[in-house]
Every structure is written in structure tokens, then in C-alpha cells.
Amino acid sequence: YDPKQRARILANAKTPVLKPLFDDWSARSPQVLLEAIDTFEKSGNIVRDFHNLMMQFEPSLLVQFVSPSKERLDSLLFAIDFVCRQPYWDYFRDGGQEVIGIQRASFTSVRLLMARELLAESISPELDKRIVQAVATKGCEACFATVFDMDHPETVKGWDFDEAHAGFYDLTMERWPIILGANNLRAAPTGALGLGALALMGIDPRAQLWLDTAVASTERFFTVVSKDGSFYEGISYLDYSLRTTLPFIDAHMRLIGDRDWGQRVNMLGMIEFTQAMQLGRTPEGRADVVNFSDSKSSVFPGALTKLGEYASSGLGTYAADHSSEARWIYDFLWYRPDGPRTAPDDRLLNWRSDLSWIVARSGWQPDDAVMAFKSGGPANHEHADRNHIIYKIHGERLLNDHFGASYDRRHPGWLMRHAVGHNCILIDGRGHPYIDGSEGTNDSKAYAVLLDYQDQGDLIWWTSDASAAYILDNPHVTQVLRTVIFAKPSVFLVYDQIQFRYRPQIVDARFYPDNSDGKARLSIDGNRFVIHRPMAALHALVASNSGATPRRDRLQVPAETGDFPCIEVHAAEALEHNILTLFAATKGSPSPAPDMALTQQNGSWRISAPGLQARLTPTSFVPEVAIL
């Protein structure tokens, strides 16, 4: 923090982007922070209650900075004293003894350093010394141990939870230093270690070692960001990674200045990734996102603004205004309402990432059509979702990716992570294999590959091969291909080609609508079906060479987990399945079905729907598509 930024923080609290968040934070009584302290003191639960304490600390700190009061200041000083007195800040251990700091220790270190700067004149020299000592011994030491273990996993004695939190998850951490060392959880201890080192330079003799370690670890983390700026764990985990990485690299550039971090990673690409992963707005008016894997929210506006500064691009501020969700103190520090704004160019209307994810849209308005498709390889936080498809139009998720899958394999919500809970192909009732959860939400071995991608603007099609994923558990599989033809905004075809070597097998193609509000309705009439949502409907026509017909089904989880009805296009046992599902969306529900037809002509399929006249010719590999 630079004192010159004070005026910006005060002004940002009044901007349309940040005022709602500031109003929410300032409405919280200082007593809320004291209550959080009391709850943690009684429970000792670092996972839940200590986290809540520090989550309440940050808003109170910002409000005190903008609109100071003695009552709030007293509660903050009491909280700082209380946190400094805790024997440790994290619940992870190596070898049962050494404290390692992944999330809680890193988050706490950064928030105390932030308080040290924002409350500077209110912090006594004695308390300041205690903050510095606590950050060094309970923050930096633990974070350094974590990063060291990630870099040198052969030295690890054995990561685990401490005794008080032993039952938090049912998993083994034998490979966690390796797994976490290559995902967003490297960024958390790294960023905190770097900020701590900068703050303790000249105070603690280990500061230079910590700084060098943080610099090297940040560079290593940036290697998991794709060259085009896309992030394999999804948009929410890019958000987390930026929250834990950007504060350090921003301070490092200002105070040390020996690295141009903007050249170490594609910062403009990360903004474009954020923009491409937008899915309009939620019913509550928040930014909706393509929620592949465990993602559920967009990147915070402060990060997008800062990335835009580094990349000298007005797209950052545009995305901060239109495609973000204010949540953090950095929003007030970094957002620039007077910054340049550049709308996304047409190149992002059809976006194919280095990850082999595809997002195609008709525009950037909330009611515009967006289709997202998941091909590509495995990742931390992934689901069993190769060749999965999302489609939203008129503000409705007509083909949905469910939110809220469990992180714990013991919970019924773990099934939401499997292919059976996605708009995917099932073979004999099963999707492609997934992890067993014994290591948490780590990556699987499932791959899909884009074989073809044709972009003609408002007409786009592609073919993705997920055979390598399905054959892992099913040696009879020789081909699982999905081709999508999208005629923007409202018509698309899904063509599934499945072949087996020796044993005929049943195939099902599942299509889930959003039913989070219980308002989805499904109707079937022969080889036609309709997915109804309050503001839109998705009409479908099915044809195949194996007698496929639609039927109702649902994800088999307890009612308290959720209600997830779907249409399942079901085909009886056969060695070869060619299943075509032609969709057309209409505004309003109920609404009349558009004219649609699927007819066979000389070994090809003639596709007819409003805005799409095409011929699809099956081959043993990528089908031939001719637009008529």
C-alpha cells in the first residue's frame, strides 16, 4: 500500500461498482468481528471458525480506513492482539509436528500486514513488533515450509491435518506436495511469503531467502497458466490465484523492480479468458460464468483492472465493470473508474482456448446466447465432463452445469462430479472414469481431443474425440465422438458417434436443464422433447441408427443434495450408435416448436431448422459437414 492511494480507496467506496459492497460491509457492526473471535475461541476450529474470523476482519479493516470509528478500531486492535497470541495459524502438519501454511496461515499473514499499513498511526510500537514477529514465525515460516516441500517433495515426512482437524476430509496426502505444487494452492503460500519477506526486509535475517523463494515459486506457478492466458482449473480458481499472487508481484515491482512480471505470463490473455468465460447474469444480477469443474464465480474487479494496467489494455477495466464480482479489499485498492475501457473484439465471440475449451456466443448482453463445450485434458478440481455442453439463452441455462458438487467423497454430492451428472454420454449407464476422491479433487486420466474446428462467425462447428477417456474402463470402446453445429443464436445439432469392438452396449446422452429453483419442466412426445424454463424453452428432435428415443431420468442423489431432472436420449444395445439431437430455443415458455427435420438421404443426414440447413455425412472419423 502506498499512502498516495488513500484518495483512490476513499473514492472507490462511492463508485457504482464498489458502493454496494462497501455499504454491505459498513452495515456490519464491529460486534460481528468480536463474535467471530468468541466462536473460534470456543471451538478452536481453524478450518471454519478461524477462517470466518479473518473473513470478517478484512471488511472491518476497510470500513475503518474509509469511515473510522473508535468502536470499530478497538475491535480491530483486539482482533490483531488475539490473532497474534494464537500458537499457530494453520491446521496442516508435516510429519505430525512442523506447521505448514497453505491457506489459513497465508491469508492471515497478508491481512495482518494490510492492517499494519492501513491502521499505521493507530498501531502502537509494541503491537507492531508483535505483528512482525507473528508474521515471521506463524506466517512466513509455515509458508516457506510449504513452498519448500512443494519444490522438494522427496524431503517431505508426510503431510496431514493436525489432530484437532483429522476428520475434516477422508483422504491421503501422500502426493499433495506434488499435486498442490502445480495448482492454485501454490499461489497462496507463495504470495504471502513474498509479501512477508518484503515487509520484513532488514528486520528478519531470513527475509532475503524468503523473497528469493517467493520469486522463484511465483515464476513456477505462472507456468501452469496456458500461453493464451486460460487457466486449467477454471475461472474461480484463476480468481483465487490472482488474489494471492497479484498483491505480491505488484509490491515486488514497486519495491524491488528487477522483474517485469507482465512478461512472465499472458496478462491480457487472462482478461480475455475471464471475458470469454462469462455466461450473462444470474437471477440475482451477479456475473454468471461457464462453471466448468468447481468454478462458481468470476474474477474480482481489482484484479482485472490491475491486469489491464500491466497489459496496457482497456479490456481490464471493461471486464471489471461488466464481468466481475467485487469481494475483496483489493477491489478498493486497485479499481480505477477513470481508466480506459475497451470492449471485447469480435475475436472473442468464438473462443477456442489452448485448453481445448470452446465458448461461442451471439453477443455480450445478458440475454444473448452462449454455448460452452468441454474438451481437453485433466486438471485439479475437474469433473468427469469430457464432451460436456452448456447452453444459455434469454437468461436461462437450458443445458446446465450444476453448481455445488461436494469436495468430499463421503457426501452424496460427490456424484455430481461424475459424467452421470453432466450433459455427456453414458455407456451401459456409466460415463468415463473419474477419480475415487482419496486424494481430494485431483486430476484424473481422462482426455478428449478436438479433431476439427470450423469458425464461420455466426455458424460454427467442431468435433471432439473422448475415446481415450472412455476406453480407460471399457476395452470394448473404439470411438466416442461428439460433433456440435451451432447456428447462432438459437439452433444447434449434437451428433454422437459411439462404436464398440466386440460387445454391443447401451448408450445414453444426457441433457440437464437448470433446476436450482425447481422450475424446470420436461416433456416428451415420441422422438421429440422439450426442456421448459420460465423465460425460454429448448425444443429437440432425435434421430439415430439404433432406435434412440428420449426418456426422463434424474441424478440419483438424496433430495437434500438437490433435484436434477434430465432428458436421457436412450439407445438399446448395438455395436454402433449414430445419434443426432437437433435443438432449437425459443423465447418464453410454453412456446410453439420451430419447424425442424432430420432426414436420411443416400447415407447422409439432412438437417433443417430455422437458420440452419446442412448435410452431415457420417464417416469412420470426423463427419463431413456441408452448409446448404
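The values are calculated or read from the model by the stated rules, or taken from the named source; none is laboratory data. Since the structure is predicted, the reported quantities are computational estimates derived from the model, not experimental observations. As a convention, Cβ positions derive from the backbone with ideal geometry for all residues, glycine included, and neighbour counts pool all protein chains shown. Quick note on the areas: whole protein, heavy atoms, side chains included, nothing else; ligands and nucleic acids left out. Shrake-Rupley method; radii C 1.70, N 1.55, O 1.52, S 1.80 Å.
Annotation: aspartates and glutamates with alpha-carbon distance below 12 angstrom to K157 (same-chain offsets under eight excluded): D94, E98, D149, E174. Applying 1/(1 + (r/R0)^6) with r as the Cβ-Cβ distance of E71 and E126 and R0 = 22 angstrom yields a FRET efficiency of 0.50.
Take every pair of alpha-carbon atoms less than 8 Å apart whose residues are at least six positions apart; their mean separation over the length of the chain yields a relative contact order of 8 percent. In straight-distance terms, cross-link reach from K42 covers every one of the aspartates and glutamates whose alpha-carbon lies under 19 Å from its own, apart from those fewer than eight places away in the same chain; here that gives D81, D90, D162, E163. Amide H contacts under 5 Å for I203: none, restricted to partners 5 or more places along the chain or on a different chain, H placed in the peptide plane at 1.01 Å from N.
Normalised by 2.2 N^0.38 Å, where N counts its residues, the alpha-carbon radius of gyration of region 341-380 equals 1.34. Using a/c under 1.5 as the rounded threshold, could you call region 1-147 rounded, prolate or oblate? The axes a ≥ b ≥ c are square roots of the C-alpha gyration tensor eigenvalues, and prolate needs a/b larger than b/c, oblate otherwise. Prolate. Normalising the Debye intensity of region 479-628 to I(0), with uniform scatterers on Cα atoms only, and taking log10 at q = 0.12, 0.17, 0.21 Å⁻¹ returns -0.53, -1.00, -1.36.
Helix 70-85 and the longest principal axis of the Cα set of the chain meet at an angle near 90°. The H on the amide N of I100, modeled in the peptide plane, is under 5 Å from the matching H of F92, R93, D94, each at least 5 residues off or on a different chain. Give K296/K374; K488/K587; K19/K296 a once-over and call out the pairs whose C-alpha atoms are over 19 Å from each other. Pairs exceeding the cut-off: K19/K296.
Accessible surface calculations at 1.4 Å, restricted to protein heavy atoms, place the chain at 38 Å² per residue.
Over the chain, dividing the summed -39,500 (n - 2.57) contributions of all DSSP H runs of at least 4 residues by the number of residues returns a 222 nm mean residue ellipticity of -9500 deg cm²/dmol. Computed on region 321-431, with alpha-carbon pairs under 8 angstrom and 6+ residues apart, the relative contact order is 15 percent.
When peptides 73-82, 315-324 are ranked by their average number of other Cβ atoms within 10 Å per residue, the highest-first order is 315-324, 73-82. Stretching the chain fully between D345 and H476 yields a gain of 42.6 nm (0.36 nm per residue, less the alpha carbon separation).
Measuring nothing but how far apart in sequence close Cα pairs (under 8 Å, 6+ apart) lie, relative to its length, region 67-126 scores a relative contact order of 22 percent.
Heavy-atom surface analysis with a 1.4 Å probe gives region 224-276 a carbon and sulfur content of 48 percent of its accessible area. Cross-link candidates for K14: which aspartates and glutamates have Cα within less than 19 Å, leaving aside residues fewer than 8 places away along the same chain? Within the straight-line cut-off, K14 pairs with D23, D24, E58, D321, E325, D331, D338.
The string of couplings for region 394-401 from the Karplus curve (6.51, -1.76, 1.60, θ = phi - 60°) is 6, x, 10, 7, 7, 10, 10, 10 Hz, one whole number per residue in order, with x for Gly and Pro.
The ellipsoid that matches the Cα gyration tensor of the chain has semi-axes, each √(5λ) in whole angstrom, of 47, 26, 22, with the longest given first. Against the chain, whose longest principal axis is taken from its Cα atoms, helix 207-222 shows a tilt of about 10°. Ranked by the mean number of other Cβ atoms within 10 Å of their residues, highest first, the peptides 5-12, 619-626, 459-466, 223-230 come out as 459-466, 223-230, 5-12, 619-626.
Phi angles across region 267-283 convert, under the Karplus curve 6.51 cos²θ - 1.76 cosθ + 1.60 with θ = phi - 60°, into 3J(HN,Hα) values of 6, 4, x, 5, 5, 5, 4, 4, 5, 5, 8, 7, 10, x, 10, 7, x Hz, Gly and Pro given as x. With the simple model of a label 7 Å out from the Cα in the direction of the Cβ, H411 to T223 spans 3.4 nm.
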